[in-house]
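Have a look at the structure below, then the notes.
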Amino acid sequence: MAFGEVTNLLVGGPALLRAWASLGAGWDFAPSHRTAEWKAAARMMEAARPKLAEDAKKLKRLLKVSRKRLFPLGDPFDLDLGLHRWLNAEREEAYSDWLAWVVQQARTPARVFGLFALGRPPALVEGQHLEVQRECCVPYGHIDQEGRLDIVIRYGDQAIIIVEVKKRGAEGTDTNKHEGYKRWLDEQQCRRKYAIFLATSAREESYGHFPFRSWADVCVRMRLLASEFCKEQPASFTVAAMILAFVGAVEQNLLGFSADLVRKVCDDRGVFFNPKVVDHVETFLAKELER
């Protein structure tokens, strides 16, 4: 059994492997002359193999359906964007830029509110002009300091949505400035006001009055948006393709889903992959059927 197979199962892919490496970077390990014992790991692999094989078959079926839903385009996992520099894991601003662009393409209140799971937009928002700002400077942030909001979305004076974007989990990030941001939001002359904290994971439902939204959920909703564009005139296909490229970059860079492993599964060249990919694609297809 290859060491890489053990790593993929026990660690969960390249993203988590990097995380484990960083956690152990400062540790002082005592030297050991013992030979590593892989028998226990091998038994775990063999026990998990049948379940993963079934997951692999299910993933192949789901991706086939997903491609039909996104026709004439393909599924984001069909393209490896895990190493693409324009959206690598170190450039948080790039994710905010592209998300703001997606909001601009979505345009309508129903689509934008749906993108961030804000429910049905108020009737008064319909027909209002959409304005999207990046890096919006505000007078409040940290105590006695100014701040800068990642994304500000306005529908005239009827609704305002502010989105704070993080490319990692909520824990350990700087959320103290949210109190100042919320103060600024409360002062805005808008009928409806919303705040969103977007991250890969979170232990709490809200951080400084900013309700948490996961990148995984937003990716599913961007897939739905792209599917809508794919059903419109051919002029919309380019927009859909760019949205799906962004989805692929988020899923592979931030969520740690490996397109290479998915491709190997589809080619029957291996079954060891992150099974959360199955749930992710299945969620997209389930929501597609609900519409």
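At-a-glance table
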| read-out | value |
| --- | --- |
| Selection within the range 218-237 - touching a residue at least 12 places away in the same chain (Cβ under 8 Å) and not in a helix (DSSP H, G or I) | none |
| Selected residue (criterion: surrounded by the most Cβ atoms within 10 Å (Cβ to Cβ)) from residues of the range 215-228 that are out of contact with any strand residue (DSSP E or B) (no Cβ under 9 Å at 6 or more places or on another chain) and over 15 Å from S66 (Cβ atoms) | A216 |
| Complete set of residues in the range 98-113 that are farther than 13 Å from V247 by Cα, aliphatic (A, V, I, L, M) and crowded, with 22+ Cβ neighbours inside 10 Å | A106, V112 |
| Qualifying residue in the range 262-275 (condition: free of Cβ contacts under 8 Å to residues at least 60 places away in the same chain, out of contact with any strand residue (DSSP E or B) (no Cβ under 7 Å at 6 or more places or on another chain) and among the β-branched types (V, I, T)) | no |
| Any hit, the range 179-188, residues being out of contact with any Lys or Arg (no Cβ under 7 Å at 6 or more places or on another chain), surrounded by fewer than 17 Cβ atoms within 10 Å (Cβ to Cβ) and among the small types (G, A, S) | no |
| Verdict on E232 being among the acidic types (D, E), in contact with a His (Cβ under 9 Å, 6 or more places away or on another chain) and on the phi < 0 side of the Ramachandran plot | no |
| Residue in the range 126-147 that is among the basic types (K, R) and crowded, with 20+ Cβ neighbours inside 10 Å present | no |
| Within the range 128-157, considering residues that are in contact with a Pro (Cβ under 9 Å, 6 or more places away or on another chain) and either free of Cβ contacts under 8 Å to residues at least 40 places away in the same chain or of a type in the set (D, E) (or both), the one nearest to E93 (Cα to Cα) | G147 |
| Within the range 115-172, considering residues that are acidic (D, E) and more than 25 Å from R223 (Cα to Cα), the one nearest to the chain's Cα centre (by Cα) | E171 |
| Residue pairs meeting the criteria (Cβ under 8 Å; at least 6 apart or on separate chains; first without any contact (Cβ under 8 Å) to a residue 12 or more places away in the chain, in the range 172-198; second surrounded by fewer than 21 Cβ atoms within 10 Å (Cβ to Cβ)) | D186/K193 |
| Single residue of the range 251-272 satisfying the filter (assigned to a loop (DSSP other than H, G, I, E, B) and acidic (D, E)) that is farthest from A56 (Cα to Cα) | D267 |
| Condition check for L198: outside any strand (DSSP E or B) and under 26 Å from Y155 (Cα atoms) | no |
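Coordinate-derived values only; no laboratory data. Computed from a prediction, not measured in an experiment: that's the story for all the values here. Here the Cβ is made from the backbone with ideal geometry for all residues, glycine too, and neighbour counts use every protein chain on show.
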